[in-house]
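Report on one structure; see the data block that follows.
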Amino acid sequence: MKFIAKYKPLFVLSLLCLFGYGCQRLDATKSAAPNPNSEWRRIGNNDYDQHFSPLSGINDRNVGTLKLKWYADMPVRDGLVGVPLVADGVIYQSGPLGLVFANDLKTGKLLWTFDPHLKFPMGVIPSWGARLSRGLALWEDKVIRATGDCRLIAISRKTGQKVWDVQSCDPAIHTITAAPRVGAGKVFIGTANADDGVGRGHVDAFDANTGKHLWRFYTIPGDPALGFENKAMEMASKTWGKEYWKKAGGGNPWEAMTYDPRTGLLIFGTDGSSPVSPLDRGEGAGDELFTTAVVAVKADSGEYVWHYTTTPGDGWNYDATMPFVLADLTVNGTPSAVVMTAPKNGFFYVFDAKTGRLLNEPKPIVNINWASRIDMATGRPVELPEAKWWLKGPDGAVAFPYGMGAHCWMPMAFSPNTGLVYIPAADAGTKYWPNRNALVGAVDVDNYYTRNHGGPFKGLLIAWDPVKQEARWQHDIGAPYQGGTLATAGNVVFQGTTEGQFVAYKADTGEKLWSYEAGGGILGAPSTVDIDGEQVVLVPTGSGTTSAVGFAPLLGGNAGGPPRLLAFSLNGHASPLPAKPPLVPMSEPPAPRPDPKLAGLGNAVWNGAGCELCHGVVVIGGADGSVPDLRRINAARLALFPQIIRGGLFVNSGMPDFKEMISEAELPALRAYILQEAWRAYDQQSSSKGAR
């Protein structure tokens, strides 16, 4: 932030703003500046998005005595994952269906709820996106929320009333699942489309105070016959295959972006091209800019500055939309302003923030088999044929890391004290094989292949040295889909798990210091603030569609648990969390058992229509969340099956009409597949009871 103060008090406040500790409008009636550690206004806390706190009241010597201070049951069914933001003694949290909650920091009391009243009915993609939310942004006196129906909304922090509301993308082809980012008086937001093969990804900038649209940067070029928006798009078009604009889409910046105050750049990541198979995206394709890339543009204008493609010609869904961390590091003896990221492809990258140049050789953080290394002479991966499933015939291939990523969207933390990055990582492989009928890129995937075939299938917490490009320590922590991290000056790293534990580790050595049974899955990263001299750690919990841990049983985790916000302190005195009620036993599914061959055809319909986006890969759905667990389907619902799938019976509740995607002739097969999974789950339940 470039701000020159005229008087000393203003200068002090400007320095606090520079380090991300709460830039508020000055109030002449206040005699002193607020404690900067009493607020957490950005997702990553400081301007560098490091998910680091300078607080040390809770430290490696006393964290073992951490206790629950209070908990707040949230008035929704789906779990929460956004980092709890804090300003002026209030916690701000996003929920499903565009909801925003404000809770009192000292007590957890719900102060207000904002409902944007999403515009149903929706198509498949926005219906899916409407239930996902990875957080909020705060700017001065506003809370800023993106919605699944492609809106960006500013809300008064004090009253919970809408200030402005703008359309930022086309809900016919896109949705938004990301948290907005802010910087230099602007709000930045990207798009998502679940790899459905249509649409050009883009990033938009809006005035934070008025909602006025300022600029748009498309991440892939359009039809050359219509002209190019800028020189960057003209350059990008030369890297795509024949008639790409008719065959491919993608490049969506569906999560991470960071405003860098040192350079005035907005740095964001993009997902891959779709269809997923490179053979289907146009003959003669090259790097397909700017997909699976880290891109930097001028925040003031959206003008292209630099890019780096992490996975050229991606065929594995190795998105580069994972969180960025900024830092000032000495690499190879040279002090540098750096950008760090660990995208899905398994390598860890350290870039010069001004130029995008690699500062050291990226190294893999987990097992990989798609590339042997990154060639520093060219900056490109040295690819291996083993994982190229699209060249292997109908049997496909197994690729490491798996399609959900060596590191996915969950925030990673950096501690300037230890010099380490704390990465929630996954070591697993995915089986890919061609399916010309699939919605998601003409490919079928089995993200659980290595679990079922004896390969690695685990979550990791890795303390990574970005200068030496090596792990200092790591822990196996359960299923390969785990929560974001928080590092503190107390030499502590906090992380939650999908199994429902909230854990503290010693930041320099990795020693496990403390854990707490949180009663629900945790994917979001914690935050921490000071309340009247007492350090408090905040973390959101709960299973369901928003938190995307409804499939936790398949991963080996613990589905279920109500949506809550938990607060911990050394002097906590709250009553223990209520015991999680046991899941109601499954009733015997409707008879007769389905024909296995017909159910197999239904599995293809399920995958091809994208049903797994909301209902899970094997019909598990959202567990305790708002999306039904179809393994519990009853005869009454089965009788309404045609009206639900093709008649739009529940469109105003968020269930899309699949008339254009699922034919009437395919309904019996889809019905058989759902019943097959219901019977499978019921048999497992009966077997488990018998074993006891």
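The values are calculated or read from the model by the stated rules, or taken from the named source; none is laboratory data. Bear in mind that the values here come from a model prediction, so they are computed numbers and not experimental data. Backbone-built Cβ (ideal geometry, glycine too); neighbour counts: all protein chains shown.
Would you confirm, using the coordinates I've provided, whether residue 430 is in contact with a helix residue (DSSP H, G or I) (Cβ under 9 Å, 6 or more places away or on another chain) and assigned by TED's automatic domain parsing to the domain that holds residue 339? Yes; evaluated as a whole, the condition is true for this residue. The residues of the range 464-493 that are of a type in the set (Asp, Glu) and in contact (Cβ under 8 Å) with a residue 60 or more places away in the chain amount to a single one, 470. Summed over the range 646-692, residues that are out of contact with any Asp or Glu (no Cβ under 8 Å at 6 or more places or on another chain) and either free of Cβ contacts under 8 Å to residues at least 60 places away in the same chain or among the charged types (D, E, K, R) (or both) total 23. Residue 113 falls short of the stated requirement of being hydroxyl-bearing (Ser, Thr, Tyr), at pLDDT 95 or above, over 24 Å from residue 658 (Cβ atoms) and part of a loop (DSSP other than H, G, I, E, B).
Going through (1) part of a loop (DSSP other than H, G, I, E, B); (2) crowded, with 24+ Cβ neighbours inside 10 Å one by one, residue 160 falls short only on (2). Residues in the range 314-359 that are in contact (Cβ under 8 Å) with a residue 40 or more places away in the chain, at positive phi and surrounded by fewer than 21 Cβ atoms within 10 Å (Cβ to Cβ): 356 alone.
Here's the yes/no breakdown for (1) at pLDDT below 95; (2) assigned to a loop (DSSP other than H, G, I, E, B):
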site	(1), (2)
234	no, no
240	no, yes
271	no, yes
276	yes, yes
287	no, yes
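For the range 319-358, a tally of residues being assigned to a loop (DSSP other than H, G, I, E, B), more than 18 Å from residue 268 (Cα to Cα) and either among the hydroxyl-bearing types (Ser, Thr, Tyr) or in contact with a helix residue (DSSP H, G or I) (Cβ under 9 Å, 6 or more places away or on another chain) (or both) returns 0. The one condition from (1) assigned to a loop (DSSP other than H, G, I, E, B); (2) of a type outside the set (Phe, Trp, Tyr); (3) closer than 15 Å to residue 212 by Cα; (4) touching a Gly at 6+ places or on another chain (Cβ under 6 Å) that residue 169 does not meet is (4).
Cβ separations smaller than 6 Å between residues 6+ apart or across chains give the following pairs from the range 219-231 residues that are part of a loop (DSSP other than H, G, I, E, B) to residues that are at pLDDT below 95: 222/245; 223/245.
Just for strands (runs of 3 or more DSSP E) wholly inside the range 454-493: which have at least 2 residues that are of a type outside the set (A, V, I, L, M, F, W, C) and surrounded by fewer than 17 Cβ atoms within 10 Å (Cβ to Cβ)? Let's see the steps before the verdict.
On the way: elements: 457-465, 470-478, 485-488.
Per the criteria, 470-478.
Which one of 210, 258 is assigned to a loop (DSSP other than H, G, I, E, B), polar (S, T, N, Q) and either touching a residue at least 24 places away in the same chain (Cβ under 8 Å) or in contact with a Ser or Thr (Cβ under 9 Å, 6 or more places away or on another chain) (or both)? Unique residue meeting the criteria: 210.
Does at least one position in the range 463-470 carry a residue that is within 17 Å of residue 347 (Cβ to Cβ), at pLDDT 95 or above and among the aromatic types (Phe, Trp, Tyr)? The answer is yes, given that some residue of the range 463-470 is within 17 Å of residue 347 (Cβ to Cβ), at pLDDT 95 or above and among the aromatic types (Phe, Trp, Tyr). Summed over the range 131-166, residues that are over 14 Å from the mean Cα position of the chain (by Cα) and touching a residue at least 60 places away in the same chain (Cβ under 8 Å) total 9. Restricting attention to the range 494-504 and to residues that are touching a Leu at 6+ places or on another chain (Cβ under 8 Å) and touching a residue at least 60 places away in the same chain (Cβ under 8 Å), the residue that is surrounded by the fewest Cβ atoms within 10 Å (Cβ to Cβ) turns out to be 502.
crowded, with 20+ Cβ neighbours inside 10 Å and under 15 Å from residue 257 (Cβ atoms): is that true of residue 199 in this structure? Considered against the rule, which asks whether it is crowded, with 20+ Cβ neighbours inside 10 Å and under 15 Å from residue 257 (Cβ atoms), residue 199 comes out as no.
I'd like the residue in the range 589-648 that is of a type in the set (Asp, Glu) and modelled with pLDDT under 85 and, out of all such residues, is farthest from the chain's Cα centre (by Cα). Among those that are of a type in the set (Asp, Glu) and modelled with pLDDT under 85, it is 629. Taking the listed residues 516, 449, 432, the one that is within 27 Å of residue 136 (Cβ to Cβ) and aromatic (Phe, Trp, Tyr) is 516, with no other qualifying. In the range 239-293, the qualifying residues are those that are over 16 Å from the mean Cα position of the chain (by Cα) and among the β-branched types (Val, Ile, Thr), and the one that is surrounded by the most Cβ atoms within 10 Å (Cβ to Cβ) is 291.
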